[in-house]
Amino acid sequence: MEIKNNTVVITGGAQGLGFAMAQKFALMGANIALIDMAQDLLNTACEQLTQLKGVTSNIKGYAANVTNESEVENVFNTINSDFGYIGVLINNAGILRDGMFIKAKDGKVVKKMSLEQFQSVIDVNLTGVFLAGREAASHMIESGKGGVIVNMSSVARAGNIGQTNYAASKAGVVALTTTWAKELGRFGIRVGAIAPGVISTAMTDAMKPEAKQRMLAVTPVGRLGESDEIAHTAQYIIENDFLPAAW
Ligand SMILES: NC(=O)c1ccc[n+]([C@@H]2O[C@H](COP(=O)([O-])OP(=O)(O)OC[C@H]3O[C@@H](n4cnc5c(N)ncnc54)[C@H](O)[C@@H]3O)[C@@H](O)[C@H]2O)c1
């Protein structure tokens, strides 16, 4: 699918990886709709995108919480009518709230991961992906033009110490991706996921040093990734019309 003149919606697009993707696609001539909770970050992000040299496309920011069903329905309806259609969704909004499942000292349990700590991450990283994916796919089907959905998973999907909540959410994102790819192909909608290792962003700055170190130790290239390298991967999924080739 062509990126130039397409409409690319990016959740959690006001900073980090989402913003890096917005930069890349705006420079390629895409119209960009950023969805984020942080209005101040959204304003700055839209201003920066509009000021990029050579960018003449339509750039808009929308404040919405991806965990809230009616907010997600409304924001996708608004974007669809503002831009005419939705060609690409980058389902990227995500949070970390790391902690051990259970902490024990001298045979006594001293701390357990709270349900709230577990649920808050599932709400954004899994339910949010479900809601945004559902609304984007509905508009893509009704437009008759098909589309591409790129979901953000993580290497943590295979399990990672201190990330019960995050790992479960990211494994769930892979399951949503393969299911949607199989269900939505008939409507001309392709669905793929990216499962990055550790990339240098505000989110990884907030990670506990031990967790970051553990992830780096299993990174084949032995360094943090750059946001633009993930944006490049998203570009590949959007442009390669044979993906997903097989699951
Ligand atoms: N950075 C990494 O190393 C890394 C590695 C693997 C996967 N990922 C995944 O990539 C995605 C982006 O990560 P990042 O590092 O850019 O994070 P980030 O914290 O820099 O940006 C995430 C954005 O999501 C927004 N957001 C959070 N909750 C939201 C909600 N409920 N509704 C709407 N917006 C919300 C935040 O305001 C923020 O702008 C996440 O899904 C993350 O899990 C990141």
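Laboratory data are not the source of any read-out in this text; all were calculated from the coordinates shown. These numbers were taken from a predicted model, which means no experiment stands behind them.
Per q in 0.08, 0.13, 0.16 Å⁻¹, report the Debye log10 I(q)/I(0) for the range 7-239, using one uniform scatterer on each alpha carbon and no solvent.
Values, matching the q order: -0.29, -0.75, -1.12.
Among the aspartates and glutamates, which fall within straight-line cross-link reach of Lys208, defined as a Cα-Cα distance under 17 Å, with same-chain neighbours fewer than 8 residues apart omitted?
Here the aspartates and glutamates satisfying the reach criterion relative to Lys208 are Asp98.
Once you've got the GNM for the chain with C-alpha springs shorter than 10 Å, pick whichever of Val88, Val173, Val55 has the biggest mean-square fluctuation.
Result: Val55 has the largest fluctuation of those listed.
Among the aspartates and glutamates, select those whose C-alpha is under 18 Å from the C-alpha of Lys53, and discard any that sit fewer than 8 residues away in the same chain.
Candidates past the 8-residue exclusion: Asp228.
In a Gaussian network model over the chain where Cα atoms closer than 10 Å are linked, find which of Ile194, Ile102, Ile149 has the largest mean-square fluctuation.
Maximum among the listed residues: Ile102.
Give me the Kirkwood hydrodynamic radius of the range 3-68, using the inverse of the mean 1/r over all pairs of distinct Cα atoms, in Å to one decimal.
The answer is 11.3 Å.
Could you tell me which of the pairs Lys108/Lys170; Lys105/Lys170; Lys24/Lys145; Lys24/Lys60; Lys4/Lys170; Lys4/Lys145 are separated by over 20 angstrom between their Cα atoms in the structure shown?
Result: Lys108/Lys170; Lys105/Lys170; Lys24/Lys145; Lys4/Lys170 exceed 20 Å.
What's the angle, to the nearest 10 degrees (0 to 90), between helix 128-143's Cα axis and the longest principal axis of the chain?
20 degrees
Under a GNM of the chain (C-alpha, springs under 10 Å), which listed residue has the highest mean-square fluctuation: Ala45, Ala14, Ala175?
Ala175
Semi-axes of the range 135-247's equivalent ellipsoid from the Cα gyration tensor, sqrt of 5 times each eigenvalue, largest first, rounded to whole Å?
29, 15, 12
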